[in-house]
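S.K.: One structure is given below, represented as C-alpha cells, and several questions about it will come after.
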Amino acid sequence: MNTENASKRKIFGIEMPPDLHKFNFYSLFWCSMVMLIGITAPTVIQPIYLKEVIGIAAKNFGKINTTLVVMNEVASILLIGYVGLLSDKFGRRNIMTFGLVTSGITFILYGYAHNIAALTNASAILWVFVLRSLYAVFLQFAWPHVFTIIGDYTYESSRGKGMAAIGLTSALGSLVAFSVIGLIPRKFGILAAFYTCGIIFLLSGLVSHFGIIDRIVKSKESHHKGELQLLKEAWQVVKKSSPLKMCYGAGFVSRANVGVLGSIVMIWVVRAAHEFNMPSSKAMAIGGISVGISGIFGILTAPLWGILTDRWGRMRTISLSLGITGLGFLLLYPLESPFGTALKLIVVIIGAGQFGAMTASTTLATDLSPKQVLGSVLGGFNTSGALGIFILTSIGGFVFDSFGYTSPFLIVGIVNLAVCIWCTAIYLKYGEKSQ
C-alpha cells in the first residue's frame, strides 16, 4: 500500500507505478485499438468480399457470414484460456507480439483466398474457411493480453479508469474499422482493405515488442509451475466466488453485444441493399457509419464508466450498463430498414451502455484474482465472452435467415436484461466488496 501512495504520477487519471513510463501505457493503448481493428475488420470486409469476390448465393449469405464470425469465437473457446495460462507462465509481451505479426500476415493472405483456390484447383469457400480459421487462431495469441496487462499496470484504486481507457481505445479501434476500413473497398478496392489491416498489425508487433513491459513476470516464480497446476489454482478462485461467476456472465453478454451489433447490422445492410436499389458498397458504408456511431458514443462514455466503476461500484455499474444496452437492443427489433434515422438513434443508446459492463466486469474480475493466476482467471473470463459471441451470433445467424433481419436483436436484448437481474441479485446478497 505504501508503494501505491508513493506514486504520484498519473496518465488519464490512472496512477502510474514507479517502474512504468507513459510510453508503456501509450503502447498498450495503441495495441488495444489495433486488437479491435483486428477483431472487427472481418465483420466489415467479409460481407462485400463474400458477395462480390467469392460469389456466395443470397439464400446462404447470412449463415456463411455468421459462421465465419463464429469461427473466431470457436478459436477463442479452444485457445484463449490456455493463452492466458501461458501468459502467467511466460509473460504477456512475447505472446502478444507473436499474435500480432502472424495475424497480420494471415489477414493479407485471406484477401487472396480466391487466387489460392484457383492455383490449388480447390473451392474458393474452402480457402476462405481455412484462412479465416488460421487468422482466428493467431488472433487469440494477441488480443486478450491487453486486459491482463492493464491489470498488471494499475492499482485497485484507479483500475476502473485503466479498464475504461482500454475500453475507450477498443471502441476507437472498432470505430476506425467501421468508419475508415469500411470505406476502403468502395474507394480503393477490397484487397486494399486486407493490406491496410495486415500492415497495421505488423507495425503494431513492433510497438508491442519495444513498448510493453512484463511487470509481474519479472517478480514471480509461477512461470516455473506446470500448466495444470495453474489451471487448478485459477479454477479454485472462480469456484469459491459468486461475484466472479457473475463477472463471467457479464463477460458472456457484454462481448456478444459488440459482436452481434456489428455483424448483424453489416449483414442486414448488404442483404437489404437490393430491396432499396442500392449498391452493396454504398450499403456497407452506411452500415459502417451506423455501427461507427455506436463506437463514437462508446468512446464518449468510456471515461464516465471508468469513474462510475471506481467511485460508485463495480456491480452497480455492470447492472446499469446491461440495463441500458438491453433496452437499446429491444428497440432495434421493430425496425424495418437499416438505412433510416431510427437505427442511428438507437445505436447511440447501445453504444452509450455497452462498454460499462465490459469495463466494470473486467475490473472486478481483476480485483478478485490473485496476481499469480490473473492471466488464467482472465483467460476464463475471455473464454466466457467468446462463448457469448459464439452462442448468440450462431443463434443470430439462424434467426436472421429464418425469422427476420432484426430477430437477433430481440434475443440479445433479453439476455442483457437477464444478466442485469442476476448481477443486481448478487449485489444485494454480497455487496460491492465481497470476495
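The values are calculated or read from the model by the stated rules, or taken from the named source; none is laboratory data. If you're wondering where the values come from, they're calculated on a predicted model, not measured in any experiment. Note that we place each Cβ from the backbone using ideal geometry, even for glycine, and neighbour counts take in every protein chain shown.
S.K.: Would you point out which residue out of F138, F129 is assigned to a helix (DSSP H, G or I), touching a residue at least 12 places away in the same chain (Cβ under 8 Å), among the aromatic types (F, W, Y) and out of contact with any Gly (no Cβ under 8 Å at 6 or more places or on another chain)?
M.R.: Numbers: F138 fails: out of contact with any Gly (no Cβ under 8 Å at 6 or more places or on another chain).
Just one listed residue meets the conditions, F129.
S.K.: Of all residues in the range 82-94, count the ones that are of a type in the set (A, V, I, L, M) and out of contact with any Leu (no Cβ under 6 Å at 6 or more places or on another chain).
M.R.: From the range 82-94, those of a type in the set (A, V, I, L, M) are 83, 85-86; that's our starting set.
After this cut, where a residue has to be out of contact with any Leu (no Cβ under 6 Å at 6 or more places or on another chain) as well, the list is 83, 86.
Residues that pass the stated criteria total 2.
S.K.: With the requirement that a residue be within 15 Å of the chain's Cα centre (by Cα) and not hydrophobic (A, V, I, L, M, F, W, C), what does the range 354-368 give you?
M.R.: If the condition is that a residue be within 15 Å of the chain's Cα centre (by Cα) and not hydrophobic (A, V, I, L, M, F, W, C), then Q354, G356, T359, S361, T362 are the ones that fit.
S.K.: Looking only at the range 115-122, decide whether some residue is assigned to a helix (DSSP H, G or I) and touching a residue at least 24 places away in the same chain (Cβ under 8 Å).
M.R.: Step one: of the range 115-122, the residues assigned to a helix (DSSP H, G or I) are 115-120.
Remaining after also requiring touching a residue at least 24 places away in the same chain (Cβ under 8 Å): none.
So far as the range 115-122 goes, no, none of its residues is assigned to a helix (DSSP H, G or I) and touching a residue at least 24 places away in the same chain (Cβ under 8 Å).
S.K.: Under 20 Å from S254 (Cβ atoms) and of a type outside the set (D, E): which single residue out of L368, L428 fits that description?
M.R.: Numbers: L428 fails: under 20 Å from S254 (Cβ atoms).
So the residue among L368, L428 that is under 20 Å from S254 (Cβ atoms) and of a type outside the set (D, E) is L368.
S.K.: Let me ask something else. Which pairs do you get when a residue that is free of Cβ contacts under 8 Å to residues at least 40 places away in the same chain, found in the range 282-293, comes within reach of a residue that is crowded, with 24+ Cβ neighbours inside 10 Å, reach meaning Cβ atoms under 7 angstrom, with the pair 6+ apart or on two chains?
M.R.: No pair meets every condition.
S.K.: Quick check on G211: is it under 20 Å from the mean Cα position of the chain (by Cα) and at pLDDT 95 or above?
M.R.: Here the answer is no, as G211 does not meet what is asked.
S.K.: Take residues that are small (G, A, S) and either under 30 Å from Q229 (Cβ atoms) or touching an Asp or Glu at 6+ places or on another chain (Cβ under 9 Å) (or both) and tell me which of the helices (runs of 4 or more DSSP H) falling wholly in the range 8-113 contain 3 or more.
M.R.: Numbers: elements: 22-49, 61-90, 93-110.
In the range 8-113, 61-90 are the helices (runs of 4 or more DSSP H) which contain 3 or more residues that are small (G, A, S) and either under 30 Å from Q229 (Cβ atoms) or touching an Asp or Glu at 6+ places or on another chain (Cβ under 9 Å) (or both).
S.K.: Give me the pairs: first residue in the range 336-352 and part of a loop (DSSP other than H, G, I, E, B), second residue of a type in the set (D, E, K, R) and crowded, with 19+ Cβ neighbours inside 10 Å, beta-carbon distance under 7 Å, and six or more apart or on different chains, which are they?
M.R.: From the range 336-352, no pairs qualify.
S.K.: Within the range 162-183, count every residue that is farther than 16 Å from M35 by Cα, crowded, with 20+ Cβ neighbours inside 10 Å and modelled with pLDDT under 90.
M.R.: Of the residues in that region, 1 qualify.
S.K.: Is there a residue in the range 369-385 that is modelled with pLDDT of 90 or more and not in a helix (DSSP H, G or I)? Explain how you work it out, then say what you get.
M.R.: Let us first name the residues in the range 369-385 that are modelled with pLDDT of 90 or more, namely none.
Within the range 369-385, not a single residue is modelled with pLDDT of 90 or more and not in a helix (DSSP H, G or I).
S.K.: While we're on this one: Select, from A256, A352, A302, the only residue that is surrounded by fewer than 24 Cβ atoms within 10 Å (Cβ to Cβ) and modelled with pLDDT under 90. Outline the logic, then answer.
M.R.: On the way: A256 fails: surrounded by fewer than 24 Cβ atoms within 10 Å (Cβ to Cβ); A302 fails: surrounded by fewer than 24 Cβ atoms within 10 Å (Cβ to Cβ).
Within the list A256, A352, A302, the selection yields A352.
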